[in-house]
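First comes the structure, then the notes that go with it.
The values are calculated or read from the model by the stated rules, or taken from the named source; none is laboratory data. Predicted, not measured: the structure shown is a model, and the values here were computed from it. No Cβ is skipped: glycine too gets one built from the backbone with ideal geometry, and neighbour counts run over all protein chains shown.
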Amino acid sequence: MTGNVTPAARRIGFGKYRGVALDVGVWDAVGADVDLSCACMFTHEIGPGPTGGLEHLDGALSGALLKLRRDGIFRGDSMETLMLTPGSLIQGQALLIVGLGDPEAWNASMMYRVKRYMIAEANSRGVTSAGIAPSLLESGMPAGLAGSGSEAMFDGVVTGIDAAYHLAEMGLASPPSLAAWTFGAGAEHADEAAEYFRHCLSSVTVAPN
């Protein structure tokens with residue numbers, strides 16, 4: 001392994017939905033051991049600048065991420081997208097970044113739309129594994145507000161999986177390729193996140209395959 005990539009410490013599986021294995025990975029977008037690593041970025045941070053996983057990602061890309069934003073190539077506007085293939089600089093084969101817009105205007109429902117898009121993009125690229133490191137806390141979002149997006153993220157993933165299967169059943173798309181989805185989390189929150197998502201999965205009315 002080369003560059004700034006570090007392996008994930010562990011993965012915590014919490015179930016399957018329609019054949020897609022779901023887990024929480026103790027990693028950020030740099031070390032995500034998936035085919036498609038997904039991250040989010042605002043137009044600016046609340047505070048002096050990015051920290052944690054977002055700072056690590058920018059560092060792994062030699063400062064390119066923040067430079068792209070400063071240069072207006074990728075501004076982080078709501079639902080703006082950036083697809084990168086940075087090779088050995090990250091663990092994953094490709095990196096998808098989705099803009100979240102102005103952090104002061106952010107609301108949890110935005111994470112639903114973002115996750116729906118990420119699931120669709122993963123299937124359109126034919127990858128078997130993908131995961132998200134949302135980087136909300138790293139952008140200065142208060143912990144309570146950032147945590148409110150967890151249910152929306154889960155719902156976006158589940159309904160995105162449903163949509164992929166429905167389109168295939170209608171003959172409008174190829175059968176979905178995605179077989180595993182990971183929610184990235186820091187070590188201090190991983191067990192709590194896995195338990196929360198396990199609870200969410202138990203309340204889904206459509207029975208998993």
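Among the candidates 82, 68, 100, 96, the residue that is in a helix (DSSP H, G or I), crowded, with 16+ Cβ neighbours inside 10 Å and either in contact (Cβ under 8 Å) with a residue 12 or more places away in the chain or under 18 Å from the mean Cα position of the chain (by Cα) (or both) is uniquely 68. Taking each residue of the range 10-26 that is under 15 Å from residue 165 (Cα atoms) and looking for partners that are of a type in the set (S, T, N, Q) with beta-carbon atoms closer than 8 Å, six or more apart or interchain, yields 16/209; 18/209; 19/209. Residue 52 falls short on exactly one of the conditions (1) buried (at least 22 other Cβ atoms within 10 Å of the Cβ); (2) more than 15 Å from the chain's Cα centre (by Cα); (3) touching a residue at least 60 places away in the same chain (Cβ under 8 Å), and that condition is (1).
Scanning the range 178-209 for residues being under 17 Å from the mean Cα position of the chain (by Cα) and closer than 19 Å to residue 130 by Cα gives a total of 13. Here the range 175-209 is the region considered, the condition is being over 13 Å from residue 22 (Cα atoms) and modelled with pLDDT of 95 or more, and the residue that is surrounded by the fewest Cβ atoms within 10 Å (Cβ to Cβ) is 175. Checking every residue in the range 32-48 against the condition of being part of a helix (DSSP H, G or I), free of Cβ contacts under 8 Å to residues at least 60 places away in the same chain and surrounded by fewer than 22 Cβ atoms within 10 Å (Cβ to Cβ) gives zero matches. Scanning the range 169-207 for residues that are in contact with a Phe, Trp or Tyr (Cβ under 8 Å, 6 or more places away or on another chain), of a type in the set (A, V, I, L, M) and within 13 Å of residue 153 (Cβ to Cβ) turns up 193, 201.
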